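Participant: I have a structure here, written as C-alpha cells, and I will follow up with some questions on it.
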Amino acid sequence: MKFKSPPVNSLSLDFLTEFCISLEKLENDRACRGVVITSAIPKIFSSGLDITEMCGKSMEHYAEFWRAVQEMWLRLYSSNMVTLAVINGSSPAGGCLVALSCDYRIMAENPKYTIGLNEAQLGIVAPFWFKDTFVNVVGQRVAERSLQLGSLYPAPEALKFGIVDELVPEEKLQEKATAVMAQWLALPDHARQITKSMMRKTLLDRLVAHREEDIKNFTSFVSKESIQKSLHMYMEMLKKKKS
Ligand code: CO8
C-alpha cells in the first residue's frame, strides 16, 4: 500500500477514511496475508495528522476526525495480516504512529529523514494509546524522554533507540521488504496471529472501552484557545521555514 496524498501525505479525514477502507478490503481478502505500507511521495512517509483538520473547525468536526484517527489505529494495530512499514522518508507524529503500529519497521538509511512523536513541539499531548504504542516498541525510558522532548530522530538514531528495526539504503528497500515479509509469512498464520493479539489486546481493549471519553478529551483539548494558538503558530512556522 503506497500513500500518495501530495504534498506530504498528511492524515486528513479523507485520507484516514480511505486508508481504513483499503485495510478492511485487504483484511477480508483471504489470499492476502501481509501488507507493506510505504509512500509514493519522495522524502516523506507521512507528515502525521493533518493539522488543518484540528484548526478552526467545529466540535462535531473534531469528533469525527478523532474517531477516524482511532479507527485507523484500531484496524492497523489489531490487523491479522503481517504489517510491515517501509519508511522511505520523514515520519513525524501520526506518521510515526502508523509505523509503530506495524509489526516491523524498515527505514531508509538517510540521516535527513526523521521519525518520532513530536507532539510536545506543537504544544499538544500524545494521547495514551499513542504513548503506549510507543512504549510497547521502545520501552518506558526512551518513550518518556522522547515524548517530553517531542524528539524527532534522524534515521541512525531512530535505529539506535529501537524506533525502527533496520536501516537499508533507499534503493534496497523493496528487496529487503520482500525478504522480511517472506520471513514473517513462513510461520503458520494462526500461531503468529494469536501471539500478536496476546501482546496487543490490553491496549486495544483499553481504547475500545474508553473511546467516547477519548474523543471528548480530544475535542475539548484541541478547541482550547491556547491550543488553537499553538497549532496556528506551528503552521505559520512551517510556512516561514518554506519561504
Ligand atoms: N498537516 C497539514 N499540513 C501540513 C502538515 C501537516 N501535518 N505538514 C506539512 N503541511 C503542509 C505545509 O504547511 C506546507 O503547506 P503550504 O504548501 O501550503 O505552505 C506543505 O504541507 C509542505 O510542507 P513543507 O514545505 O514543510 O514540506 P517539506 O518537504 O519541507 O517538509 C515535513 C515535510 C518534514 C513533513 C514538514 O512539513 C513537517 O515537519 N511537517 C509537520 C509535521 C508535524 O509536526 N506533524 C504533526 C501533526 S500532529 C499529529 O500527527 C499527532 C497529533 C496528536 C493529537 C494530540 C491531541 C491534541
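The values are calculated or read from the model by the stated rules, or taken from the named source; none is laboratory data. All values reported here derive from a predicted model rather than from experimental measurement. Cβ placement follows ideal geometry from the backbone for every residue including glycine, while neighbour counts extend to all protein chains displayed. Remember, those area values only see protein heavy atoms, side chains included, never the ligands or the DNA or RNA. Shrake-Rupley method; radii C 1.70, N 1.55, O 1.52, S 1.80 Å.
Participant: If you count only protein heavy atoms with a 1.4 Å probe, what accessible area per residue comes out for the chain, rounded to a whole Å²?
Facilitator: Per-residue accessible area for the chain comes out at 51 Å².
Participant: Report, in cubic angstrom per residue, the convex hull volume of the C-alpha atoms of segment 1-81.
Facilitator: Hull volume over Cα atoms, normalised by residue count, gives 83 Å³.
Participant: Once amide H atoms are placed 1.01 Å from N in the peptide plane, what residues at a sequence separation of 5 or more from residue 90, or on another chain, have their amide H within under 5 Å of its amide H?
Facilitator: Answer set, sorted by chain and number: 44, 45, 114.
Participant: In percent, how large is the relative contact order of segment 68-134, given Cα pairs closer than 8 Å and 6 or more residues apart?
Facilitator: Normalised by residue count, the contact order of segment 68-134 is 32 percent.
Participant: OK, next. As a test, work out the antiparallel percent of DSSP beta bridges whose residues both lie in segment 80-171, rounded to the nearest 5.
Facilitator: Expressed as a percentage, antiparallel bridges in segment 80-171 total about 20.
Participant: Could you give each residue of segment 120-129 its phi-based ³J(HN,Hα) in whole Hz, using Karplus coefficients 6.51, -1.76, 1.60 with θ = phi - 60°, and x for Gly or Pro?
Facilitator: Result, ordered by residue: 4, 5, 8, x, 10, 10, 5, x, 4, 7 Hz.
Participant: Report, to the nearest whole %, how much of the accessible area of the chain belongs to carbon and sulfur atoms, 1.4 Å probe, protein only.
Facilitator: 56
Participant: Got a sec to turn the phi values of segment 20-26 into Karplus ³J(HN,Hα) couplings, 6.51 cos²θ - 1.76 cosθ + 1.60 with θ = phi - 60°, whole Hz, x for Gly and Pro?
Facilitator: Listing the rounded values in order: 5, 4, 5, 4, 4, 4, 5 Hz.
Participant: Related question: For segment 52-97, compute Rg over Rh where Rg is the Cα radius of gyration and Rh is the Kirkwood radius from the inverse mean 1/r over Cα pairs.
Facilitator: Result: Rg/Rh = 1.07.
Participant: Taking the radius of gyration and the Kirkwood hydrodynamic radius from Cα positions alone, what is the Rg/Rh ratio for segment 106-243, to two decimal places?
Facilitator: 1.03
Participant: For segment 40-56, what does the Karplus curve 6.51 cos²θ - 1.76 cosθ + 1.60, with θ = phi - 60°, yield as ³J(HN,Hα) per residue in whole Hz, taken in order and with x for Gly and Pro?
Facilitator: 9, 9, x, 6, 9, 7, 7, 7, x, 4, 6, 5, 5, 6, 10, 10, x
Participant: Related question: Using only the alpha carbons of segment 79-152, what is the convex hull's orientation-averaged projected area in square nanometres?
Facilitator: Mean projected area for segment 79-152: 4.9 nm², to one decimal.
Participant: Rank these residues by their accessible area, most exposed first, probe 1.4 Å: 198, 1.
Facilitator: Highest to lowest solvent-accessible surface, that is 198, 1.
Participant: Taking the square root of 5 times each eigenvalue of the Cα gyration tensor, what semi-axes in Å does the equivalent ellipsoid of segment 72-119 have, largest first?
Facilitator: 20, 13, 6
Participant: I would also like to ask the following. What percent do you get for the relative contact order of segment 109-233 when only Cα pairs under 8 Å and 6+ apart count?
Facilitator: Reported as a whole number, the value is 30 percent.
Participant: Still on this structure, please answer the following. Taking only the C-alpha atoms, wrap a convex hull around the chain and report its volume per residue in Å³ as a whole number.
Facilitator: Per residue, the Cα convex hull of the chain comes to 121 Å³.
Participant: May I pose another question? Arrange the peptides 186-195, 163-172 so that the one whose residues have, on average, the most other Cβ atoms within 10 Å appears first.
Facilitator: 163-172, 186-195
Participant: Related question: Provide the packing ranking of 125-137, 91-103, i.e. peptides ordered by the mean count of other C-beta atoms within 10 Å per residue, highest first.
Facilitator: In descending order of packing, they fall as 91-103, 125-137.
Participant: A further question follows. Normalised by the number of residues in the chain, what is the relative contact order in percent for Cα pairs under 8 Å and 6+ residues apart?
Facilitator: 20
Participant: Tell me, how many Å apart are the Cα centres for segment 183-243 and for segment 99-168?
Facilitator: Here the two parts' Cα centres lie 13 Å apart.
Participant: Among bridges DSSP assigns within the chain, what percent are antiparallel (round to 5)?
Facilitator: Around 10 percent of the beta bridges assigned by DSSP in the chain are antiparallel ones.
Participant: Based on the Cα gyration tensor of segment 1-141, what are the three equivalent ellipsoid semi-axes, each the root of five times an eigenvalue, rounded to whole Å and given largest first?
Facilitator: 21, 19, 16
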